(Lines give C-alpha, C1' and ligand atoms only; values in the text may rest on other atoms or scores of the structure.)
Protein backbone atom coordinates (compact mmCIF):
# COMPACT_ATOMS: atom_id res chain seq x y z
CA UNK A 1 0.00 0.00 0.00
CA UNK A 2 2.81 2.41 0.76
CA UNK A 3 4.98 1.61 -2.26
CA UNK A 4 2.15 2.04 -4.74
CA UNK A 5 1.73 5.80 -4.67
CA UNK A 6 0.00 6.07 -8.05
CA UNK A 7 -3.02 4.00 -7.05
CA UNK A 8 -4.70 2.91 -3.90
CA UNK A 9 -5.42 4.54 -0.59
CA UNK A 10 -1.82 4.81 0.68
CA UNK A 11 0.22 7.15 -1.43
CA UNK A 12 1.54 10.27 0.23
CA UNK A 13 -1.45 10.98 2.45
CA UNK A 14 0.60 10.71 5.63
CA UNK A 15 3.30 13.13 4.52
CA UNK A 16 0.68 15.50 3.12
CA UNK A 17 -1.20 15.49 6.43
CA UNK A 18 2.07 16.01 8.31
CA UNK A 19 2.93 19.02 6.12
CA UNK A 20 -0.57 20.48 6.48
CA UNK A 21 -0.40 20.18 10.26
CA UNK A 22 3.09 21.72 10.30
CA UNK A 23 1.71 24.81 8.51
CA UNK A 24 -0.79 25.10 11.37
CA UNK A 25 1.95 24.71 13.98
CA UNK A 26 0.71 21.22 14.91
CA UNK A 27 1.97 17.67 14.64
CA UNK A 28 0.79 14.13 15.18
CA UNK A 29 3.43 12.02 16.93
CA UNK A 30 2.10 9.05 14.93
CA UNK A 31 3.41 10.62 11.72
CA UNK A 32 7.00 10.88 12.97
CA UNK A 33 9.61 13.31 11.69
CA UNK A 34 10.02 12.37 8.02
CA UNK A 35 7.80 11.71 5.01
CA UNK A 36 8.53 7.98 4.78
CA UNK A 37 7.55 7.40 8.41
CA UNK A 38 4.47 9.59 7.99
CA UNK A 39 3.27 7.67 4.92
CA UNK A 40 3.97 4.25 6.45
CA UNK A 41 2.30 5.02 9.78
CA UNK A 42 -0.68 6.64 8.05
CA UNK A 43 -1.27 3.40 6.14
CA UNK A 44 -0.87 1.27 9.27
CA UNK A 45 -3.20 3.40 11.37
CA UNK A 46 -5.90 4.40 8.92
CA UNK A 47 -5.79 2.38 5.69
CA UNK A 48 -5.30 -1.00 7.37
CA UNK A 49 -7.63 -0.33 10.33
CA UNK A 50 -10.42 -2.53 8.98
CA UNK A 51 -7.98 -5.35 8.17
CA UNK A 52 -6.51 -5.08 11.69
CA UNK A 53 -9.97 -5.33 13.29
CA UNK A 54 -10.84 -8.38 11.19
CA UNK A 55 -7.49 -9.94 12.06
CA UNK A 56 -8.27 -9.71 15.79
CA UNK A 57 -11.33 -11.86 15.17
CA UNK A 58 -9.10 -14.65 13.81
CA UNK A 59 -6.09 -14.21 16.10
CA UNK A 60 -3.79 -12.68 13.49
CA UNK A 61 -2.42 -9.17 13.09
CA UNK A 62 -4.23 -8.42 9.82
CA UNK A 63 -6.86 -10.18 7.71
CA UNK A 64 -8.47 -9.28 4.42
CA UNK A 65 -12.17 -9.90 3.96
CA UNK A 66 -12.99 -12.28 1.13
CA UNK A 67 -15.09 -10.78 -1.63
CA UNK A 68 -16.54 -13.37 -4.00
CA UNK A 69 -17.64 -12.32 -7.43
CA UNK A 70 -19.47 -15.23 -8.98
CA UNK A 71 -19.94 -16.06 -12.63
CA UNK A 72 -21.94 -13.52 -14.54
CA UNK A 73 -25.57 -14.40 -15.06
CA UNK A 74 -27.54 -13.64 -18.14
CA UNK A 75 -27.64 -9.93 -18.83
CA UNK A 76 -30.82 -7.97 -19.49
CA UNK A 77 -29.83 -7.84 -23.14
CA UNK A 78 -29.42 -11.63 -23.30
CA UNK A 79 -32.82 -12.14 -21.67
CA UNK A 80 -34.47 -9.63 -23.99
CA UNK A 81 -32.99 -11.25 -27.09
CA UNK A 82 -34.04 -14.68 -25.90
CA UNK A 83 -37.64 -13.54 -25.39
CA UNK A 84 -38.09 -11.21 -28.36
CA UNK A 85 -35.85 -12.31 -31.24
CA UNK A 86 -37.73 -13.47 -34.33
CA UNK A 87 -36.64 -15.26 -37.49
CA UNK A 88 -36.14 -13.16 -40.62
Revision key, fill the gap. Expected output for segment 29-53 (first residue over 12 Å from residue 14 (Cβ atoms), partner surrounded by 14 or more Cβ atoms within 10 Å (Cβ to Cβ), Cβ below 8 Å, 6+ apart or cross-chain) is 48/1; 48/62; 51/62; 51/63; 52/62
Check your understanding: Which of the residues spanning segment 10-28 are surrounded by fewer than 17 Cβ atoms within 10 Å (Cβ to Cβ), more than 18 Å from the chain's Cα centre (by Cα) and not in a loop (DSSP other than H, G, I, E, B)?
Key -> 19, 20, 21, 22, 23
Point to revise | Sole residue being in contact with a helix residue (DSSP H, G or I) (Cβ under 7 Å, 6 or more places away or on another chain) and in a helix (DSSP H, G or I), chosen from 79, 45, 53, 64 | key: 45
Practice item. Kindly indicate the residue of segment 62-88 that is at pLDDT 85 or above and surrounded by 10 or more Cβ atoms within 10 Å (Cβ to Cβ) and also nearest to residue 46 (Cα to Cα) among those meeting that condition. Key: 62
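The values are calculated or read from the model by the stated rules, or taken from the named source; none is laboratory data. Being a predicted model, the structure only gives us computed values, none of them experimental. Note: ideal-geometry Cβ built from the backbone for every residue, glycine included; neighbour counts use all protein chains shown.
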